[in-house]
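These notes concern the structure reproduced below.
Only the coordinates and a few stated rules stand behind these numbers; no lab work does. None of the values given here were measured: they were computed from a predicted structure. Ideal geometry is used to build each Cβ from the backbone, glycine not excepted, and the neighbour counts take in all protein chains shown.
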Amino acid sequence: MNIIRSRSKTSHLRFLVAIYVSLLVIARAASPGNTMMFWTQFQTVDDVPKNYFTQQKSIYAFVERVIDGDTIRVRHYPLYSIRRQRAEPLQKRGIADSTLSIRFYGIDCPEIAKTKSQKSQPFAEEAKEYISQLVLHKMVKITFLRKDQYGRAICQVQTLPRFGSLLGCIPGLGAIDLSVELARKGLAELYTGGNAEYFDKRELLEREIKNAKKRRHGIWSLGKSRVSAAEAKKQFREQNEVVLSSNRGGASNNKRECALEKVMTGLEFATT
């Protein structure tokens, strides 16, 4: 009888603690200093407040599409941190108006073909497939860092711990930083373009890339024949400019540039 009463008291105490914590979260989110209530769903990157980037705030989101090795489209779940609701993939083709375009920080994966006339770089499909295995149609944690010139959010993307945060410190069970993981697998190089963002992890990324090179993993098995992602991007862009110019005839430069950006960033694939 004493055991039953003890268990009942423990359950009651846990319930009260859960309510108390929930009220604290709600009070903090609803405080005058917050510009957005914590239950607001961000439909696109444009909906994300500036302070989410400056303060490197995080959200939980469901991965709807994997565009390539370092770019995904996610749907924001604002209440997931409090209640682990079940998520299902969107059943519509065009998702650009209801998802956030997310680019992984610090790395550059091999370029995947954006048109039928192009050929993907070696290991581009492998990088996309690997990320798909890890996060497609799963929940992830997104930490905002900044926006790029295409309106995408540069972010740290992490898988969720397999058995909750309590066991996250055990190797193999904790969250996976996708940027670091791609570098470790030899499926990405260090991004060194303008306004590069490393989230204070440049040394870690460089170390993982160095180890992957030493072991000749992934792209580093190509040797001198390897073309950098930046160079491939430049070549793809020049090819697309020629194709778009010939196909669109008298279209204005702004329209051609907009169409080109859609192709290069994967936005075109999110609207079909």
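With each label point set 7 Å from Cα along the Cα-Cβ vector, what nm distance links Ala196 and Glu129?
It works out to 2.9 nm between the two label points.
How large is ³J(HN,Hα), in whole Hz, for each residue of segment 103-120 in order, when computed from phi with the Karplus curve 6.51 cos²θ - 1.76 cosθ + 1.60 and θ = phi - 60°, using x for Gly and Pro?
Couplings: 10, 5, 6, x, 10, 9, 8, x, 6, 8, 4, 9, 9, 5, 7, 9, 10, 4 Hz.
Sort 53-60, 186-193, 94-101 for me by packing, meaning the mean count of neighbouring Cβ atoms within 10 Å per residue, highest on top.
Result, highest mean Cβ count within 10 Å first: 186-193, 94-101, 53-60.
Give, as a single signed number, the net charge of other residues whose beta carbon lies under 12 Å from the beta carbon of Lys141, with Lys and Arg counted +1 and Asp and Glu -1.
So the surrounding residues net to +1.
7 Å from Cα along Cα→Cβ at both Gln91 and Arg216: what's the point-to-point distance in nm?
Taking the simple label geometry, Gln91 and Arg216 are separated by 5.1 nm.
Please name which of Tyr80, Ile142, Ala153 has its Cα lying farthest along the dipole of segment 45-225 towards the positive end, using unit charges on Cβ (Lys, Arg +1; Asp, Glu -1) and the Cα centre as origin.
Checked the options; the winner is Tyr80.
If you restrict to DSSP beta bridges whose two residues both lie in segment 45-225, what percentage is antiparallel, to the nearest 5?
90 percent
If you count, for each residue, the other Cβ atoms within 10 Å and average over each peptide, how do 154-161, 40-47, 63-70 line up from highest to lowest?
Numbers: 154-161: 21.5, 40-47: 15.0, 63-70: 23.5.
Taking the mean over residues of other Cβ atoms within 10 Å, the ranking is 63-70, 154-161, 40-47.
Taking the Cα centre of each part, how many Å lie between segment 194-217 and segment 116-130?
Cα centroid of segment 194-217 versus Cα centroid of segment 116-130: 21 Å apart.
With the alpha-carbon atoms as the only input, what is the per residue convex hull volume for segment 45-225 in Å³?
Values: hull volume 25.0 nm³, N = 181.
Normalising the Cα hull of segment 45-225 by residue number yields 138 Å³.
Cut-off under 24 Å on the C-alpha distance; same-chain residues fewer than 8 positions from Lys138 excluded. Which lysines are left, in chain and number order?
Lys57, Lys92, Lys128, Lys147, Lys185
Go through 136-144, 199-207 and give me the packing order, highest mean Cβ count within 10 Å leading.
Descending packing order for the listed peptides: 136-144, 199-207.
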